[in-house]
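Working notes, beginning with the structure itself.
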Amino acid sequence: MIVTRNLTKVYGDIRAVEDLNLEVRPGEIFGFLGPNGAGKTTTIRILTTLTKPTSGNAWIGGFDVVSQPQEVKKMFGVVQQHLSLDRELTVWEVMELHARLHGLGSRERRKRIAELLDYVGLAKQAERRIGELSGGMKRRVMVARALIHHPRLLLLDEPTVGLDAQARRRIWELIRRLNSEGATIFLTTHYIEEAEALCHRVGIIHRGRLIALGSPLELRLRLGLAAVETLLDDRVHYRYFPSKEEATAYVQSLPPEVKMIVVRDSNLEDVFVELTGRKVEDGEDTEG
Ligand SMILES: Nc1ncnc2c1ncn2[C@@H]1O[C@H](COP(=O)(O)OP(=O)(O)OP(=O)(O)O)[C@@H](O)[C@H]1O
Ligand SMILES: [Mg+2]
């Protein structure tokens, strides 16, 4: 559904995306995980034809994003990172405007908008102004809007940023439902739990480069499924083992001066830290 080859975007001396090689398969939920400034939005902007790559190529559904933008635009719907809704408009008006942009006739518009608002659970909010809605509801309006032309691919840039746990779960449910009905999903996130809970495969991006790719389980397997944290000399040390049994055996071999021993499952945060020496949510990661 998405293929990129050596995709690169340079802004002055910032290499926002560098030599990105990626394939997103039809029907999967693919997560692009990385800290602030990693190059996630830049990648989405290239894929959605908003900005041109400096070099390299990208295709959506086999169409080249640079030379075939019209065909590409029919393939995808996008939910941008920043809220792009006019606060003064009603939910219905937002949908109406977008449907007109896509050339839907008046009867078709009415039917499709009603159907979509129902789908995202906002049928009762149709006449409310955007400014009166919660953050979660606004996100759902943006998802509904992105679906107006029945795209086969939905791109979501940090779809749950700033939402509370309940609103986040509703967005996850919506994404899963869309996917189970056949849509391919490409989303970006800097939330480890989001990548783990939602994505079939995850690409980890760091300073514009893809540094790991696989299912959450595959990525953890490479490191070891069991993690041991120990406190020694005021520092936390991490060790990884293929199994809980091996982790436990290691713990039993530790000298008594080792304090605070935790044995737990490894996670994608561990994978990220091992690969980069930093935590995902530390953010700002452009220099060096
Ligand atoms: N239009 C631009 N002009 C100059 N630099 C840019 C531009 N867009 C992005 N950058 C830089 O490129 C790098 C990648 O930015 P990008 O927005 O793609 O990261 P991101 O992973 O989406 O981060 P965030 O999690 O903060 O949204 C950053 O260093 C950013 O400052
Ligand atoms: Mg971004």
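The values are calculated or read from the model by the stated rules, or taken from the named source; none is laboratory data. Predicted model, so just to flag it, every value in this text is computed and none were measured. Glycine gets a Cβ as well: all are built from the backbone with ideal geometry, and neighbour counts include every protein chain shown.
Numbers below:
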{"item": "Test: residue in the range 70-79 that is among the aromatic types (Phe, Trp, Tyr) and in contact (Cβ under 8 Å) with a residue 60 or more places away in the chain", "result": "yes"}
{"item": "Given (1) of a type in the set (Val, Ile, Thr); (2) closer than 19 Å to GLY214 by Cα; (3) in contact with a Pro (Cβ under 8 Å, 6 or more places away or on another chain), number of the condition ILE29 does not satisfy", "result": "(3)"}
{"item": "Criterion violated by SER67 - all others in (1) small (Gly, Ala, Ser); (2) under 19 Å from ILE185 (Cβ atoms); (3) without any contact (Cβ under 8 Å) to a residue 24 or more places away in the chain satisfied", "result": "(2)"}
{"item": "Residue in the range 43-55 that is away from ligand 2 (no atom under 16 Å from the Cβ), under 28 Å from VAL141 (Cβ atoms) and under 19 Å from the mean Cα position of the chain (by Cα) present", "result": "yes"}
{"item": "Yes/no for LEU198 being in contact (Cβ under 8 Å) with a residue 60 or more places away in the chain, under 30 Å from VAL263 (Cα atoms) and more than 16 Å from ligand 1 (Cβ to nearest atom)", "result": "yes"}
{"item": "Single unsatisfied condition, ASN21 versus (1) within 13 Å of ligand 2 (Cβ to nearest atom); (2) in contact with a strand residue (DSSP E or B) (Cβ under 8 Å, 6 or more places away or on another chain)", "result": "(1)"}
{"item": "Residues within the range 179-190 that are surrounded by fewer than 20 Cβ atoms within 10 Å (Cβ to Cβ) and either free of Cβ contacts under 8 Å to residues at least 40 places away in the same chain or assigned to a helix (DSSP H, G or I) (or both), tallied", "result": "3"}
{"item": "Checking VAL78 against (1) more than 14 Å from ligand 1 (Cβ to nearest atom); (2) hydrophobic (A, V, I, L, M, F, W, C); (3) over 16 Å from LEU210 (Cα atoms), the condition it does not meet", "result": "(1)"}
{"item": "Of the criteria (1) farther than 26 Å from ILE211 by Cα; (2) at pLDDT below 95, which one ILE113 fails", "result": "(2)"}
{"item": "Failed criterion for LEU187 (all others in (1) in contact with a strand residue (DSSP E or B) (Cβ under 8 Å, 6 or more places away or on another chain); (2) more than 16 Å from ligand 2 (Cβ to nearest atom); (3) at pLDDT 95 or above hold)", "result": "(2)"}
{"item": "Subset of the range 191-207 (residues that are part of a loop (DSSP other than H, G, I, E, B) and either more than 16 Å from ligand 2 (Cβ to nearest atom) or crowded, with 24+ Cβ neighbours inside 10 Å (or both))", "result": "CYS199, HIS200"}
{"item": "Residue check for VAL161: within 16 Å of ligand 1 (Cβ to nearest atom) and at pLDDT below 95", "result": "yes"}
{"item": "The range 34-62, residues that are more than 10 Å from ligand 1 (Cβ to nearest atom) and either of a type outside the set (A, V, I, L, M) or touching a Gly at 6+ places or on another chain (Cβ under 7 Å) (or both)", "result": "THR48, THR49, LYS52, PRO53, THR54, SER55, GLY56, ASN57, TRP59, GLY61, GLY62"}
